[in-house]
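Each remark here refers to the structure printed beneath this line.
Every number here is computed from the coordinates shown, using simple stated rules; none is lab data. Since the model is a prediction, treat every value here as computed from it, not as a measurement. Every residue, glycine among them, receives a Cβ derived from its backbone with ideal geometry; neighbour counts consider all protein chains shown.
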Amino acid sequence: MFSKYKKIRVLITGVGGGGYGEQVLKALRLAETSYYLIGIDMLPYSKGLFEVDEAYVVPPASSLEYIPALIEICRSRDVHVLIHGSEIELKVLSNHRHLFQKMNILLPINSPKVIKLCMDKWKTFESLSEKGFNVPRSFLIQKKRDVSAVDIFPVIIKPSIESGGSNNTFIAQDREELYFFCNHLLKQGIKVIVQEYIGTPNDEYTVGVLRSLDGKFINSIAVKRYLLSGLSSRIKVKNRTKRKELSDMLAISSGVSQGFIGRFPEVCETCEKIAKAINSRGPINIQCRFFDGKVFPFEINPRFSGTTSLRAIVGFNEPDILIRHHLLQEPIVPRFRYREGIIVRGLSETYIHPTNKPRPFLPKNEQ
């Protein structure tokens, strides 16, 4: 058993500002557990590199040198836990998980099956619909002619495969806009999904369902988003359709969530069922709208969330819980208590002297 009196050495990837790697870093800084945090990023002036105990610049996750660099850091720095901080790193680490498992490094990551499913929005909604969950009406657009099947407005247009932070996401209120945005994405070789716009900006939630790595339920939490603030909305447009039940403004989140955080059982109960139905193991984050008494999930991220630090503030510290449970063998009481309330966000700045630059990590034969 790992000694609870020894400082746990955690390597967090992708700690650059704005990603969920930085959120994991913030959450572990809030924990009572004793951690020594090592941060890596591919950019030398990433904010998180200056907020860890030890920092390195590594090749991007797409590089063949990325995994060897991580393995060398884990070995030389006696790393006990490895946590990914971006979706591309999630995929790469998932494909190489066996290498870190052989090193007895805890990798709090979902199963390859769940990751593959959730990374494909079309397959996700097919699966949820087959399991009896409510989902927005959706259309897969692979060619221009597929657009003609869309028969409801307004709609959300986005990539079917990934799209972290609402990248390449648009609102179309008529067929002319629909063709324009779909054509824009198809020209880039992006497979498109079109979804019915449901509810109002006041109906949106981001929900975390935490299950252990062996699939046992631990707890859930939700943020009822303040979506119309400048920081939290990527797109805000006046509703020009005749569907007045959708409110005067249509909006898409920027991925920076803030708002009322709490239990919201009417929303979390359905999300817990979704996590169980897809057999999630570890952290999972479900974006949804609660409208007309029903939960409509529109995206599932099989990873830590952009609200990880918000949850930690109220006592729902997901990375710390998984580390204490799986590394320290601490029992975790399901549905433990945590605080509720409003959390708002802003911007913060870090001054970096020009000479204070994290060094690139070099393999042993190059040091």
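Things to note:
- Entry note: region 247-297 has Rg to Rh equal to 0.99, where both radii use alpha-carbon atoms and Rh is the Kirkwood radius.
- By the Stokes-Einstein formula, at 1.002 mPa s and 20 °C, the chain with its Kirkwood radius over alpha-carbon pairs has D equal to 100 µm²/s.
- Residue among 229, 312, 239 farthest towards the positive dipole end of region 214-328, charges placed on Cβ: 239
- Chain lengthening between residue 142 and residue 6 when straightened (0.36 nm per residue, less Cα-Cα): 43.7 nm
- Cα centre as origin, Lys/Arg/Asp/Glu Cβ charges: region 100-247 dipole, Debye: 160
- A dipole drawn for region 133-196 from +1 and -1 charges on Cβ atoms has a positive end, and of 141, 178, 153 the residue lying farthest that way is 141.
- Note: relative contact order over the chain, using C-alpha pairs below 8 Å and six or more positions apart, is 19 percent.
- Look at 206, 350, 307, 124 and count the other Cβ atoms within 10 Å of each Cβ; fewest to most, that gives 350, 124, 206, 307.
- Residue-wise HN-Hα coupling along region 293-302, computed from phi with Karplus coefficients 6.51, -1.76, 1.60 (Hz; x: Gly, Pro): x, 10, 8, 10, x, 10, 6, 10, 10, x
- Taking 0.36 nm per residue of separation and subtracting the Cα-Cα distance, full extension of the segment from residue 329 to residue 29 would add 105.9 nm.
- Each residue of region 59-68 was assigned a 3J(HN,Hα) from its phi angle through the Karplus expression (A = 6.51, B = -1.76, C = 1.60, θ = phi - 60°), giving x, x, 4, 6, 7, 5, 8, 5, 4, x Hz with x at Gly and Pro.
- Simple spin-label estimate for residue 228 and residue 355 in nanometres, 7 Å along Cα-Cβ: 5.2
- Placing +1 on the Cβ of every Lys and Arg and -1 on the Cβ of every Asp and Glu, with no other charges, gives region 1-122 a dipole of roughly 440 debye about its Cα centre.
- Sorted by Cβ neighbour density within 10 Å, fewest at the top, the residues 36, 197, 20, 351: 351, 36, 197, 20
- The separation of region 40-66 from region 187-244, counted between C-alpha centres, amounts to 29 Å.
- With respect to the chain, whose longest principal axis is taken over its alpha-carbon atoms, helix 175-186 is tilted by about 30°.
- In terms of other Cβ atoms within 10 Å, 106, 64 run from fewest to most in the order 64, 106.
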